[in-house]
1. Condition (residue is buried (at least 16 other Cβ atoms within 10 Å of the Cβ), under 18 Å from residue 121 (Cα atoms) and in contact with a strand residue (DSSP E or B) (Cβ under 7 Å, 6 or more places away or on another chain)) applied to segment 83-96: is it met by at least one residue?
2. Which residue out of 79, 86, 23 is part of a loop (DSSP other than H, G, I, E, B) and at pLDDT 80 or above?
3. Hey, could you check segment 104-126 for residues that are more than 19 Å from the chain's Cα centre (by Cα) and loosely packed, with under 10 Cβ neighbours inside 10 Å and say which is modelled with the highest pLDDT?
4. Name the residues in segment 85-116 that are closer than 24 Å to residue 4 by Cβ, free of Cβ contacts under 8 Å to residues at least 40 places away in the same chain and small (Gly, Ala, Ser), would you?
5. Surrounded by 14 or more Cβ atoms within 10 Å (Cβ to Cβ) and either of a type in the set (Ser, Thr, Tyr) or not assigned by TED's automatic domain parsing to the domain that holds residue 41 (or both), is that true of residue 73?
6. Pick from 35, 5: which is modelled with pLDDT of 90 or more, in contact with a Pro (Cβ under 9 Å, 6 or more places away or on another chain) and either in a strand (DSSP E or B) or surrounded by 14 or more Cβ atoms within 10 Å (Cβ to Cβ) (or both)?
7. Is it the case that segment 52-73 has a residue that's within 19 Å of residue 7 (Cα to Cα), in a strand (DSSP E or B), aromatic (Phe, Trp, Tyr) and modelled with pLDDT of 90 or more?
Amino acid sequence: MTGIVRIDGVPYVFMGAPAVDAAPVSQGMSQISLVTTATRSTFTLTGGGVELVVTFLSPIEPGDLRRQSAPLSYLSMRASSADGKAHAVSVYIDVSAEWAHGDSGTKVGWASASTSGVRSLTVTPSGSVSAGRER
């Protein structure tokens, strides 16, 4: 999993170690805090005059075995100015399709959806996607 935030046109890595064929992203954000609970991990990072808060939430409940067995987490992000100036900020998240199947030689299907300006991608083992593409 890789996360890159572009702040005023300059890319900063905030998660992972991207293998980029084009120009490398050499700047990383600095982690200033981490708060964890049983269901949530919240990272606070800074770079380029921006504070980025990244939260992973696993929606589990002790009495709900179905939710406990679901291999998912919600990822939310919030960016704010750390230096009082206005900044143009965009976020890129990439998850390897190997997360859908442990074998890198196995085809996976994927689908795309957009809601309220947020684009989401779904990746599943080949054959289990009814609408979408395969690669």
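1. Within segment 83-96, one or more residues are buried (at least 16 other Cβ atoms within 10 Å of the Cβ), under 18 Å from residue 121 (Cα atoms) and in contact with a strand residue (DSSP E or B) (Cβ under 7 Å, 6 or more places away or on another chain).
2. On the way: 79 fails: part of a loop (DSSP other than H, G, I, E, B); 23 fails: at pLDDT 80 or above.
Answer to the check: 86.
3. Result: 105.
4. 86, 97, 100, 104, 111, 112, 113, 114, 116 - these are the residues of segment 85-116 that are closer than 24 Å to residue 4 by Cβ, free of Cβ contacts under 8 Å to residues at least 40 places away in the same chain and small (Gly, Ala, Ser).
5. Working: surrounded by 14 or more Cβ atoms within 10 Å (Cβ to Cβ): yes; either of a type in the set (Ser, Thr, Tyr) or not assigned by TED's automatic domain parsing to the domain that holds residue 41 (or both): yes.
It is true that residue 73 is surrounded by 14 or more Cβ atoms within 10 Å (Cβ to Cβ) and either of a type in the set (Ser, Thr, Tyr) or not assigned by TED's automatic domain parsing to the domain that holds residue 41 (or both).
6. Values: 35 fails: in contact with a Pro (Cβ under 9 Å, 6 or more places away or on another chain).
Unique residue meeting the criteria: 5.
7. Scanning segment 52-73, I find no residue that is within 19 Å of residue 7 (Cα to Cα), in a strand (DSSP E or B), aromatic (Phe, Trp, Tyr) and modelled with pLDDT of 90 or more, so the answer is no.
The values are calculated or read from the model by the stated rules, or taken from the named source; none is laboratory data. Everything quoted here is computed from the prediction, not taken from an experiment. All Cβ positions, even for glycine, are placed from backbone atoms using ideal geometry, and neighbour counts span all protein chains on display.
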